[in-house]
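Okay, so here's the structure we're looking at.
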């Protein structure tokens, strides 16, 4: 019951990242927003760790935590936001993100001895198929990235790097890092993510920050719900179980984001997308069984 509840909370919160990314677009440059988000979450967890007198990572483990956070959030979101800003369809980026559970399952097998059954791999395939159905209308309307300054091949390459980064950052959580108190670990890892966002903001000359209620609410949600609770739940699930089964939940993020877009922004929700939601849900159930 507890594991199911945690899984449900995680996937619902994770899916809102798509909504937040859309909501802040008129008000802030992406990496500047991410810098504030990761920095705020790092502060929250630092206070929590100090209050609990938690142990802190030191030496090589400190560097590993910084690298894990940089990959799991900083590179993944920074590179993904940049690719979309260069003209890559958000639907294509979401589809590439849906490859992450498959990549995690493939890499976790030789590294940690995690092996999915035939049913598990069937569930992964169904999960990906469900995501494709949900994103089909957006994919059909997608065009190659043309309005950015970067060549199309570089945009696609960076988006693939983003998926590789979150895969590596997720698998990092199953190493010796799992012995660190999750509060201090989250503080350090968000500092690592903030460092990447800060460097990208400087490199890209980002400075736009138009204060508004929408921006502040989005920032609070990102600090507490996304980087605070959602990412921490992912790390907790990966620490305590198979990485592939934990990340399979991400197949449900695009379908939930489509539903949230329909409710919050008046976007269309077609029968094929509803069918995709059902297929992805069946896939996740099989992958986690």
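No lab work stands behind these numbers, since they all come straight from the coordinates. Bear in mind the structure is a predicted one, so any value in this text is a computation, not a measurement. So basically every Cβ, Gly included, is an ideal-geometry build from the backbone, and we count neighbours across all protein chains shown.
Annotations for the structure displayed:
- Normalised contact order of the chain, rounded percent, pairs of Cα under 8 Å and 6 or more residues apart: 41
- Put simply, the stretch 13-123 fits an ellipsoid with semi-axes of 27, 26, 13 Å; these come from the alpha carbon gyration tensor as the roots of five times its eigenvalues, largest first.
- Sorted on the mean count of surrounding Cβ atoms within 10 Å across their residues, most packed first, peptides 70-77, 209-216 read 70-77, 209-216.
- Between residue 139 and residue 229, the contour length at 0.36 nm per residue exceeds the alpha carbon distance by 29.4 nm.
- Relative contact order computed over the stretch 1-148 (Cα-Cα under 8 Å; 6+ residues apart), in percent: 26
- Pairwise FRET efficiency - residue 106 versus residue 278, Cβ, R0 = 22 Å, nearest 0.05: 0.30
- Contour minus Cα-Cα distance for residue 212 and residue 270 (0.36 nm per residue): 17.6 nm
- Kirkwood Rh, Cα atoms: Rg over Rh of the stretch 148-280: 0.99
- Per residue, the convex hull around the alpha carbon atoms of the stretch 45-98 comes to 106 Å³.
- Ranked by how many other beta carbons lie within 10 Å on average, peptides 278-289, 42-53 from highest: 278-289, 42-53
- Spin-label proximity, residue 2 to the stretch 37-66 - amide N less than 13 Å from point 7 Å beyond Cα toward beta carbon: none
- Which labelled figure in (i) 19.1; (ii) 20.7; (iii) 19.8 is Kirkwood radius over Cα pairs in Å, once derived from the coordinates: (i)
- Cα centroid of the stretch 240-289 to Cα centroid of the stretch 150-197, whole Å: 22
- Applying 0.36 nm per residue to the separation of residue 121 and residue 203 and subtracting their alpha-carbon distance, the gain on full extension is 25.5 nm.
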